[in-house]
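These notes concern the structure reproduced below.
Taken together, the values in this text are just the output of simple stated rules run on the coordinates, not laboratory data. Just so it is clear, the structure is predicted and the values come from calculations on it, not from any experiment. Neighbour counts run over all protein chains shown; Cβ positions are idealised from the backbone, glycine included.
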Amino acid sequence: MSTVCAIATPAAVGGISVIRISGEKAHEVADKVFRPVSGRLPSELEGYRAAYGKIYDGGERLDDGVILMFRSPHSYTGEDVAEISCHGGIYVTRRVLTACIKAGAEPAAAGEFTKRALLNGKMSLTQAEAVADIISAQGGQLLAASNNQREGALYRRAESAAEKITEISAYISAWIDYPDDDTPTVTEEWLAKKLTSVKSELDALLAGYDRGRLIREGISCAIVGKPNVGKSTLMNLLAGEQRSIVSDIEGTTRDVVEETINLGGTVLRLADCAGIREASDEVEKIGVEIMLKRLERADLVLAVFDASRPLSEEDFSLLDRLDRLKHAEKKEIVAIINKCDLDEKLDRRELENRLGNTVDISAKNSSAADVLSREINSRFGLNELDTNAGYLANERQRSCITRAARAVNEALDGVLAGVTPDAIGVMLEQALDAVYELSGRRASDEVIDQVFKRFCVGK
């Protein structure tokens, strides 16, 4: 492979910038660009050694800096690597990158360093995906889970299933190919037992997908209620700033105000929606329509009611709509009784009968955030999430295990129906292909390229 280079730090002013070079000629490029004050060439430095020196573009001195050398295979990519740190100005950083290109390196594509790590056997495809998740993590749960994925948590679970499938296939092949040897007979009972064990592993992975998706993508959350129940105040409290206009005038919020927040380690994609009511104003009507569509897409609905006022016609209209959503779709709905510091006038039992347990808060009190955090984590089972265990984090991974599980199920049904072992072996090969596509062992170039489209240049 060619020698590539890229800026590995954000394209912004900072204390330092890092230019990464990787490939067979990485040290040769470094020798042309960097001159240590010690007089030793970068290529003469031992691996994992740093040196201070001057950075040049031909005969022009660009900056002072530090170079860090890595030698194959003991580097992130598995290749010879040099990393040059310079002052974090945008112009000087780009000049250093240009100097590296003039010295023989090619510009790296998005995610190319991690892709080389994959191709050089430094990590699996699931581990590479975890790197992207670490970079994009906005909450503590995703960061912890992604770090464990990066260490191979999901890869090990997938390999466990693959080993069991391979064992079954090997026994079937040996029994078919060498019938006169002392190969144990492959019985229906033995096959059914082994296949059921594999099925359980794959089903367990699929069962954890929803939680994995939620910690990776965040929980889509719609805040709804009639005008002036405290939706915008709650939104501002959770966001930690004034994102929504708070006013005594009904219909102030006419559009969906969105914000992504970290609530107790869980990422919420909040949407403060227009109040539900019969609106005469055309703009407000549009806001209500947008709100209803957002409501249908949400994973979580925070339905806000005013403790200081009896339930109104608008409240009952909202309850009817939430009733339909609750029964028609897999959606968590939390009934929030706001302004609980005031005299209570609403019918609490009506809310509990329609929506289940209620949560009492005062949106003007900062403790409301902690109360909601505990309730949300409990509703989605995130308190029980084991971040050390591997989980399916994206649709590609889920699709692979779904196909593997389908093939194993077909094999199990085939055994019970009396299908011949050689036909069962074909089904198991399909299952193995799907599991190995997950890890990258049998993934096509197209699949690999699709994964690395998510990456930034420099990683």
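Ordering Ala443, Leu355, Leu97 by the projection of their Cα atoms onto the charge dipole of the chain, which places +1 on the Cβ of Lys and Arg and -1 on the Cβ of Asp and Glu, puts Leu97 at the extreme positive end. Measuring between their Cα centroids, segment 18-35 and segment 149-169 lie 38 Å from each other.
Here is how the number arises for the chain: DSSP H runs of 4 or more residues each give -39500 (n - 2.57), the sum is divided by the residue count, and the result at 222 nm is -15000 deg cm²/dmol. The modelled label-to-label distance between Val371 and Ala11, using points 7 Å beyond Cα along the C-beta direction, is 4.6 nm. Under the membrane-span-like helix rule (DSSP H runs whose alpha carbons stretch at least 24 Å along the helix axis, mean Kyte-Doolittle hydropathy 0.5 or higher), the chain yields 421-439. Among the GluC sites (Glu not before Pro) in segment 29-113, those located in a DSSP loop and surrounded by at most 10 other Cβ atoms within 10 Å of their own Cβ are Glu46. Think of the chain as a dipole: +1 on every Lys or Arg Cβ, -1 on every Asp or Glu Cβ, centred on the Cα centre; then among Phe305, Trp175, Ala110, Ala110 lies furthest on the positive end. In this simple spin-label model, placing a label point 7 Å from the Cα along the Cα-to-Cβ direction at both Ser317 and Thr166 gives a separation of 6.3 nm. Potential lengthening of the chain between His74 and Ile176 amounts to 32.3 nm, from the contour at 0.36 nm per residue minus the alpha-carbon distance. Simple point charges give the picture: +1 on the Cβ of Lys and Arg, -1 on the Cβ of Asp and Glu, and for the chain a dipole about the Cα centre of about 1340 debye.
The simple Förster model, with R0 at 30 Å and r as the Cβ-Cβ distance, assigns Lys54 and Asn388 a FRET efficiency of 0.05. Excluding same-chain neighbours fewer than eight residues apart, the lysines reachable from Lys453 by a Cα-Cα span under 18 Å are Lys115.
Length gained on full extension, Asp347 to Arg441, computed as 0.36 nm times the residue gap minus the Cα-Cα distance: 27.9 nm.
Oblate is the label for the chain, because the ratio a/c of its alpha-carbon gyration tensor axes (a ≥ b ≥ c) is 1.5 or higher and a/b is not greater than b/c. Within segment 18-75, the chymotrypsin sites (Phe, Trp or Tyr not before Pro) that combine a DSSP coil assignment with at most 16 other C-beta atoms in a 10 angstrom radius are Tyr48. Label segment 306-406 by shape, choosing from rounded, prolate and oblate, from the square roots a ≥ b ≥ c of the eigenvalues of the Cα gyration tensor; if a/c is under 1.5 it is rounded, and otherwise prolate applies when a/b is larger than b/c, oblate when it is not. Because a/c hits 1.5 or more and a/b fails to exceed b/c, segment 306-406 counts as oblate. Normalised by 2.2 N^0.38 Å, with N the number of residues, the alpha-carbon radius of gyration of segment 4-108 equals 0.94.
Spin-label model, Leu416 to Val92: label points 7 Å out along the Cα-to-beta-carbon direction sit 7.0 nm apart.
Only Cα pairs under 8 Å and 6+ residues apart enter the sum, and on that basis the relative contact order of the chain stands at 17 percent.
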